[in-house]
Structure formats: structure tokens, C-alpha cells
1. Using Cα pairs under 8 angstrom and six or more residues apart, how large is the relative contact order of the chain, in percent?
2. What share of the DSSP beta bridges in the chain is antiparallel, in percent to the nearest 5?
3. Within 10 Å of each residue's Cβ, count the other Cβ atoms and sort Lys353, Lys482, Lys373 from fewest upward.
4. When the dipole is taken about the Cα centre of the chain, and only Lys, Arg (+1) and Asp, Glu (-1) are charged at their Cβ, what size is it in debye, to the nearest 20?
5. Sort 500-506, 50-56, 548-554 for me by packing, meaning the mean count of neighbouring Cβ atoms within 10 Å per residue, highest on top.
6. If packing is taken as the mean number of other Cβ atoms within 10 Å per residue, what is the order of 559-571, 599-611, highest first?
7. Rank the residues Lys406, Lys37 as a footprinting-exposure proxy: fewest other Cβ atoms within 10 Å of their Cβ go first.
8. Treating cross-link reach as a plain straight distance, find the aspartates and glutamates whose alpha-carbon is under 17 Å from the alpha-carbon of Lys425, omitting any fewer than eight places away in the same chain.
Amino acid sequence: MRRRTLTAATSLAVLFSSVVLLAAPASADSAKLLPIKSAGDVVVDGAHQRIFISDPYQGKIVATDYRGTVVGSVTSLPGVDGLQLSADSGTVYAASPGADAIVAVDTALVQETERYATGEGTDPAHLALAGGKLWFGYGTKEHGYIGSLDVSGTEPVVALDQDPDTTYPGAPLLASTPGAPNTLAAAAPEYYGSWLGVYDVTSGTATRTARAGGSGSDLGSTSDLAFTPDGSRLITANPGNQHRVWQTSDLTQVSTYTTQHHPSSVAIAADGTLAAGTDAPYDPSLFIFNPGTTTAVRTYTWPDTDTISGYDELGDANLAWEPGETAGRLFAVTHNHESEYTLRVLTDAPRSKPVLTVDAPASAARARTLTVKGTLTATLPLPAGTPLDVTRFDLESPDGKSLGTKSLGSGGKFSFTDKPPAGGKVKYKVTYAGDATHTPASAADTVAVSRAKPALTLNNNGKKYAYGADARFTAHLGTTYKNRTVEIWADPFGPDKPKKLVKSGRVNSNGNLSVTLDLRRDTKVTAKFAGDARYRPRSVSSTVGTRVKVSTAVGRHYTTRNTWGHTYYYFHKSRNPLFTTTMTAYPHREQRLQFQVYYQGTWYDGGSKYFPLSSAGVSKVELTGTHDTGWRFRVRSSYIDSTSGDNVNSTTHGAWKYFYFTN
């Protein structure tokens, strides 16, 4: 286990005023996939703002910047696990059990600079820096020991088996802290017969001062451990649903932090802020505790990132704080069952995350008083009088109008009144600016504020026009507040003619806006008013009919005569009349040809039939059969709305054509 090295402090300035405590804006949490297949250890180099992550499976170290972008890697480190940053941040030491070596990596260049052999079969796995030496946990799954590496002289010096009376099951994890520079802690990663030990390394060798665990204890395996900044307490991640707190002097368990099942990681910032991680599925997996408290100020639940498990897990020793005098960013490496590893950068982990709710009435009358209520709750309760900024968004102020500052009442509740001057959708947004211990929060709710119904009319509804006629449509708009613009849309019947804006503009002094349309189909004309702050939107429509052009030519007759009040076409009874109809064309259109016969002063129906028109709108029909003489006949062609194959025009009847047969 490595020591969390603390370098130069960086602090976030907090501005105070007599009215509001403001927090500097914080960047958002982020997540980025890593090119690794496992995660052994994580250390943060504050001097170069880099994160180093070991990948035992692939035998490499990956270095990223604080955004998770890879800036370099070091390979050929079989089984590399534990990492340790040097006091000057110039070197990251890495334990490579497969190479029986500790490797030095230049943090600026991300390049291996030295390799220190620890002895054949030692398998060093975990590191810590204490008493001016680099300590390493090594050994097999059954037998683990503590060794040291001294690189201060001209030649490196390795000393093995520093505590021959304690055999750790597995290479022990190690921890140290600058606040107690000569104190070292060790813990076994295996479950049975596990030990927890504390050592004084002042003399250059490890002198055990306390030990806990062993056969018959409930300690179990240790996944991670870390000292409090002053070294007086040791926090461990062991089986259960708590992170344990031990008194360093004698390893008496003094308290616990309630977290969740399967504790996996521990990281403690320079100010004592504790990040306690677990790999519990679905439930909160990361708990943040402020110094001196045992109630989490913040929790995190990792998002779903795969289709197998449905959740991410936090691995052992996969947490690290950004160095500094106060807790800053927290870095976590999580993984899913598809072996995808993600670096998560948590920017406000030490601050309580308030929950803000806003409840406005569903509807209200314009210019009448309404009441907006809400709550602001947090794991660190906020006092009455905490300022909240209120902004109203409406049609008059689409970018928002400040309604000033409102104060939080007792019990985390607040309320305020307003008289919305504009109707329509009115949003009230409440914002809490945050402070040194709370993140900002905002929430909003929307009110449907009433608006008056404007008068809007459009002429010509129901009228029918000849094909190609020009019709003038006039929209009339009554009283409104500010908006005096009307749109006129024309929607000709038929799927091939889309609705079209034919005119838009401000109505004249009489409230009118007119447009003339050339009508060739039935058309729905709509006038639209978009509304304004006091009058709601409205639209009205007029549907007008448009007839087709239709004519019928008679052919094969031998003469015409004006008789019985009409022009009659005379045919020899041996001759079949030909009726040629020309009609406005439309796909699949048919004309209806109707026959009538005159008898004793009345025209009687002789039958009708639909005949298709060509693409040019022409239909030729020959009247065959036996033709009786002495009877008066007439015929006409018609377009019948909806039964002539379409509905884009209004029913139109052509003129009657009269004919007569002779011998």
C-alpha cells in the first residue's frame, strides 16, 4: 500500500460578503474510459497534474492528465501493482512482482529510469515511503513479508523479512503518512489468519509496535488502508458493511464508518476528509466523510455502463485524492463485467450536495398573486436565512428577470409570492449559490398563466369558386397587447401540395391582413396569431371549394339544329355518337358520363358510368347499340368529389349536350 504524498497546497478562495456566502464555480464531474484491463493502484502527482494507474493484467502503467486523457505509458512491468510517489513528485515507484523488482518511473517523461532487483522469488507487490526508505510488501499468497529499499546511497540496499515473527497471508498492503513520517502500517490481503500491524521505522528497520488479527479474529482480508493525516488513526477496508477505525498506538478498534457491503478502498485527504469505497452493486458505492464526523456528507452510485451486470464496481485501492491542504478532486477507477475501466473525476466530493425543490401552482391568472413554495435540504443542513436567488422567465422576459433574493425559512422550507405580468408558460427558477461546504443547486417549476382570447376572423368559408379564380382572403385581428402580426397559410387539398405560408405581416389600422389566391383546388386557408404576453395564440380557418374545368365535345353527327330551346346534334341511327370529355387532369381521375331521355315533358335518367381520364385529362366514349329514332336525348360529363377518384376539387357538372337520332 502506498503513502498518499502531499505536495504544495492549492486552495479554492471563498468570497464572503455581509449578505451571501458565494462559492467559486466548480467544474463538473467527468468520466473517461481507460486503455487498461485491470487496475491495481492509483496515485496522483499534483506537481504535474497526472494520475498514474497500474494495470497488473497487461503489465503496464498508464499516465493521464486530470481529464483522463492518456499522456504516456510504461510497459514490460509484469504484474505491476503497488505505486508510490516520491516526496519531490519526480518519481513514481512501481512494484513489479513478475520482474522481482521495483521500477522507478520519471513522472514528467513517463519513462522507466531505474529498476531495482529485490531478490529472486520475492514478488514485491505493494509500496509505501516512510523513514526515508521505500518499503515493500512481498511474498506468496500463503507467506507475505515486509522489505525495504534504500536508494539514498551510491548503491541501492535491499533488506528483507523485517518482521520475521509475523507471516502475512499474501504480500501485505502498506500505508504511511507525512504526519507520522516514521510510522508504517501493514495488512494482509488474504482472508484467513490475516494480520494488521504497525511499525516504527525510525532506526531504519521495521520495529513492530502493535499487531491485531491472526487466527480466530474477525479481521478478514484487508482491501485497502490509510492513516489519518496525524497518524493517530488507521482506517481499513475489511469484510462487512463498515470501514474500521483503529488506534495506531495499540491497534484497538475505536470506531467505524457505516458504508455498505464489501468495503474496497480508502483515501484520506490532507485535511482528514475520508473517501470510503465499496464494490456493492446498485447501492451507493462511495461515501465521503468530513473530518470529525461519522455521517456521510455525500454518497455516489456509479452509473450503469454495461449490459451484463448493469453497474460499475470500485476495485481495491482504486481511490486517490488530489494533493493539497484541503480536499480537492477525488479520482476513482471503476470497472464493469465487460472489463471496461473508467477514470471518474469527482470535483466536489467533500461538499454536501443540496436537494432543491420548487413547487408552483399548475395554473394561475395573469397579474394575480400566486405563491411558489419549495425546500432546500442537505446532509449538512442549511440555516434559516440562507439566500436563494429567484428568476422569472416569461414571454416578456425570455432571458429571465431577477425577482431578487429570497430567504430560506426554518426546516429547509421557503416560499414567495409574485404577480406574473405576462401570461403563457411562466417558469420560476430558484438557485442556491453554494458555499465552502455545499455545492450549488437549482430547480424550477412552470405555471400556466392565463391569457385573454383574441378576436380573429377569416372570410370566405364555404364558398365555391371556378377553376383558376382569384379569391381575396382577409383576416381580421381584434385587440391585442403588443403583437399585431398575422400569418395566412394555404393548404390545397391533395397529398402532393404541402401547406404553405402565403403571407405574414402586421395588420393594418383596421386590424386586417389580406391576400389573393389563385384557386385551382379545394383549399383550407388558415389565419394564425402567435399570441403575446396578454393574449393567447389563436387560429381560424376557412375552407373553400374549387371546381374543375370540364367540357364535352360531340362527334360523328351529320348536322345541328336549334330546336326545343337547345342546340341538338343529329345522328343517323346507324351512326355511333362519340363524346369527348376534357377535364382538369389529376392522377387516377375519372369523369362520370350521365344519360337522360325526354318523355312527355320530363327528363328521365338513362344511366351513368365513370370513365377514366388520360394523363392529359381526356376521355372518349362511344355510344353503341341500337339507336331509336324519335326520342330526345342528352348527356353531360361531371366530376364528383370523392367518387371520381380523388377529393381535391369540388363537384362540377359540365353542360348538357342534346342529340337526336333519325333514319
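1. Values: 1947 pairs, mean separation 49.6, N = 663.
Relative contact order for the chain comes out at 7 percent.
2. Numbers: 203 of 214 bridges.
Close to 95 percent.
3. On the way: Lys353 19, Lys482 11, Lys373 14.
Ranked by crowding around the Cβ, least crowded first: Lys482, Lys373, Lys353.
4. Working: 64 positive and 59 negative charges, 1704 e Å.
Rounded to the nearest 20 debye, it is 8180 debye.
5. Values: 500-506: 12.6, 50-56: 24.9, 548-554: 17.9.
Descending packing order for the listed peptides: 50-56, 548-554, 500-506.
6. Working: 559-571: 13.5, 599-611: 10.5.
Packing proxy ranking, top to bottom: 559-571, 599-611.
7. Working: Lys406 17, Lys37 14.
With the fewest neighbours first, Lys406, Lys37 line up as Lys37, Lys406.
8. Asp359, Asp394, Glu396, Asp399, Asp445, Asp532
Bear in mind these aren't lab numbers, they're just calculated from the coordinates by the rules spelled out. Bear in mind that the values here come from a model prediction, so they are computed numbers and not experimental data. So basically every Cβ, Gly included, is an ideal-geometry build from the backbone, and we count neighbours across all protein chains shown.
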